[in-house]
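Below is one structure, written out as structure tokens; comments come after it.
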Amino acid sequence: MDKKRTVCLTGHRPRFLPWGYDEERQNCKLFKEKLTEMLLEEIENGYSCFLTGMAEGFDMIATELLLKLKEEKDIEVIAIIPCARQEVRWKRDQQLRYRNLLCECDDKIVLSSHYTPGCMLERNMYMVERSALCFACFNGRPSGTEKTLKFALERDCQIRIINPENFRGID
């Protein structure tokens, strides 16, 4: 993985997204269209490796879009998994979605054999340290995403943000 061509993805879980888990809502569909445009821009700018933390919400949405783009673009999608079995407490449909996405990723890196209180933040720092660009779904509120963005700034990592709140009133 070439740091100069690598992007890490970070963003909110469903509870912080205006559509929650309902990705069939119009605001989510428009969010996905805009996100696809933004990801394509970064691919055209020379980024070819995308690191995803595979969390519910933004991570899985972005991963799905990147895997679709991978059908036509020469990119690599790598899952950076904070701990083995991170998905075990999720809803069954989200577990299935997660496992299907993992099968399509080019590589999977599991950072810990078990959950620890800091493993999600450690995953985010791992991704930032290996990336030139941090691509975030961020609504401006205090969160793990905010901590990751602060860490990215400290590491002179470029930042690109899409705010899910901009798609709130569309339904």
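The values are calculated or read from the model by the stated rules, or taken from the named source; none is laboratory data. Everything numeric here is computed off the predicted structure, so don't read it as measured data. All Cβ positions, even for glycine, are placed from backbone atoms using ideal geometry, and neighbour counts span all protein chains on display.
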Yes/no for Thr148 being among the hydroxyl-bearing types (Ser, Thr, Tyr) and under 25 Å from Glu33 (Cα atoms): yes
Looking at Leu51, Leu35, Leu66, can you tell me which residue is among the aliphatic types (A, V, I, L, M), in contact (Cβ under 8 Å) with a residue 24 or more places away in the chain and either surrounded by fewer than 16 Cβ atoms within 10 Å (Cβ to Cβ) or in contact with a Phe, Trp or Tyr (Cβ under 7 Å, 6 or more places away or on another chain) (or both)? Leu66
Scanning for something of a type in the set (Ser, Thr, Tyr), surrounded by fewer than 17 Cβ atoms within 10 Å (Cβ to Cβ) and at pLDDT 95 or above, does region 146-156 turn up at least one residue? no
Taking Phe167 as the residue in question, decide whether it is crowded, with 19+ Cβ neighbours inside 10 Å and over 14 Å from Thr10 (Cβ atoms). yes
Residue by residue through region 120-171, note down the ones that are farther than 25 Å from Gly20 by Cα, polar (S, T, N, Q) and not in a loop (DSSP other than H, G, I, E, B). Gln158
One residue from Val110, Val128 being crowded, with 16+ Cβ neighbours inside 10 Å and within 17 Å of the chain's Cα centre (by Cα): Val128
